[in-house]
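Reading through the structure tokens given below for one structure.
The values are calculated or read from the model by the stated rules, or taken from the named source; none is laboratory data. Treat the numbers as computed from the prediction; the structure is a model and nothing was measured. Quick reminder, even Gly has a Cβ in these numbers, built from the backbone with ideal geometry, and neighbours come from all protein chains shown.
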Amino acid sequence: MSVNKIDKICLYRVQIPICTLNLKERRVKMIEGIVLPESVKSIFYVLNRNGYEAYLVGGAVRNSIIGLPVHDWDICTNALPEDVCKLFRSKGFRVVETGLQHGTVTVMVNYRGYEITTYRIDGKYTDSRHPDSVKFIGNIHEDLARRDFTMNAIAYNDDDGFIDPFNGLKDIENKVIRCVGTPVDRFTEDPLRIMRAVRFSAQLGFHIENYTNIAMVQTNDGLSKISAERIQSELCKILISDHPEYVLDYYIDISPAIPELSKMMGCSQNNMYHIYDVWNHTRFALIACRIHELETRLAILLHDIGKSESKTVDRGIEHFYGHAVKSAEITESLLRRLKFSNEIRESVVELVASHDMTIVPKPNKIKKYLNKLGEAQLRRLLDVRFCDIMAHNPYYAKDRLWEIFRAEEILNEVLAEAKCFSIKDLAINGKDIMELGVPEGPDVGKWLKYALEEVINDRLDNDKEDILNDIDAKLYAEREEDNDEEMS
């Protein structure tokens, strides 16, 4: 990455120097030990009774120290993988050989899997993900040296307590993300660790240590070699964290993974409705989002990505006619490239395309929105509109925000009263229409849509007799009109 490119991206980077933070507020309260589940204790017991070491490692240790839920209790040992398999099978455990080449087997305890990995050191990472070769060793300290960050390079068991050769406990206490060993080496081995650093920062509220951060920029070209699925996974975890704006704050580090976002950089919005450029407007919109839902946050991130390609200037005032359509096109392409599911992609593209739509807070309008979008998607659209408006010029935001709040109130009322807003909610069906003499085919659908429109606009009650009488009268009028034309 060139110096000019770095300088340009740095303009959009929000850095908080660690020296300006209140360390007392930032520190994690440390614990003396970890309460191990009985299933983990049973695995330790089997290994220890047969002369092997056993430690809890990785995220299980980190999350236990921080006080977060532990999802995977990973264990490491000096026992070779074939010995682990033989030993636990002899004790009646089910063993799955999940990754023997890397020293990992899974032992099932009470229908739950626990990965047990032999101490190892890794060879070169040709594929930027897995080591080409591993060497099994007998030393826990050497095994911890191959891990990504100091907070993930801590081992624990009840007998020895914490094994912490890289001061990970201190970094956790001070909320610091720091590489084990030489940062450039760690990120060269697997460039996705760059996005993992940002993800951990966003999830935990930790600060990325300066040398680690510099190495992220120096090595981030490697992200272009990472599979779309792995990029997508980390992006999603950042977006649904407490700090979705870190996708933009750390863009200098992760830009090769999502180059499309650079379209928002340097795009001014010189008109009365905006006080930020597109980049910072998007950042503040993400901060305003308190809904931890992926589709909503993806839509907020991408809602204005097409503005730079839609900008026009009239007497010094900048306009962005049709930017929602352009943003939706770019969003479609980006989400396809990152291999999002069809369901998520279609939902986000629809939200982006509709994000600047005026939401009219009237019952008949809300019912029409419900008919078009469905409840879940309409609620997402209201959330996207709210966050978008919150990042506008506050002088003009008040009335628009009131419309959003009122629309949500009416939406709740419509749903609570079980109002009709779709054909399936009508008191009639296609069979009822055909009994009036309408032949099976498109005309049946035409009259059902007519009935729905009349009910939504309160011109008819959702009553079977009322609707059929109205349609019958319309059919009679059409037949009379046809007869008059034939007579003439």
task: Go through the residues of the range 70-78 one by one and say whether even a single one is at pLDDT 95 or above, within 28 Å of ASN167 (Cα to Cα) and more than 33 Å from the chain's Cα centre (by Cα).
output: yes
field: Meets criteria (in contact (Cβ under 8 Å) with a residue 40 or more places away in the chain and either within 15 Å of ILE194 (Cα to Cα) or touching a Cys at 6+ places or on another chain (Cβ under 8 Å) (or both)) for ASP253
entry: yes
message: Can you tell me which residue is farthest from ASP185 (Cα to Cα) among those in the range 71-92 that are surrounded by fewer than 18 Cβ atoms within 10 Å (Cβ to Cβ) and not small (Gly, Ala, Ser)?
response: LYS91
task: Quick one: in the range 444-473, of everything that is in contact with a helix residue (DSSP H, G or I) (Cβ under 8 Å, 6 or more places away or on another chain), in a helix (DSSP H, G or I) and not aliphatic (A, V, I, L, M), which residue is surrounded by the most Cβ atoms within 10 Å (Cβ to Cβ)?
output: TRP447
field: Test result for ASN371, surrounded by 17 or more Cβ atoms within 10 Å (Cβ to Cβ), out of contact with any Gly (no Cβ under 6 Å at 6 or more places or on another chain) and closer than 27 Å to LYS424 by Cβ
entry: yes
statement: Screening LYS368, LYS372, LYS424 for residues that are free of Cβ contacts under 8 Å to residues at least 40 places away in the same chain and farther than 26 Å from HIS292 by Cα leaves only LYS424
task: Please find, among VAL105, VAL96, the residue that is surrounded by fewer than 16 Cβ atoms within 10 Å (Cβ to Cβ) and under 29 Å from ARG230 (Cβ atoms).
output: VAL96
message: Of the conditions (1) without any contact (Cβ under 8 Å) to a residue 24 or more places away in the chain; (2) under 22 Å from ASP143 (Cα atoms); (3) touching a Lys or Arg at 6+ places or on another chain (Cβ under 7 Å), MET108 satisfies every one except a single condition; which number is it?
response: (2)
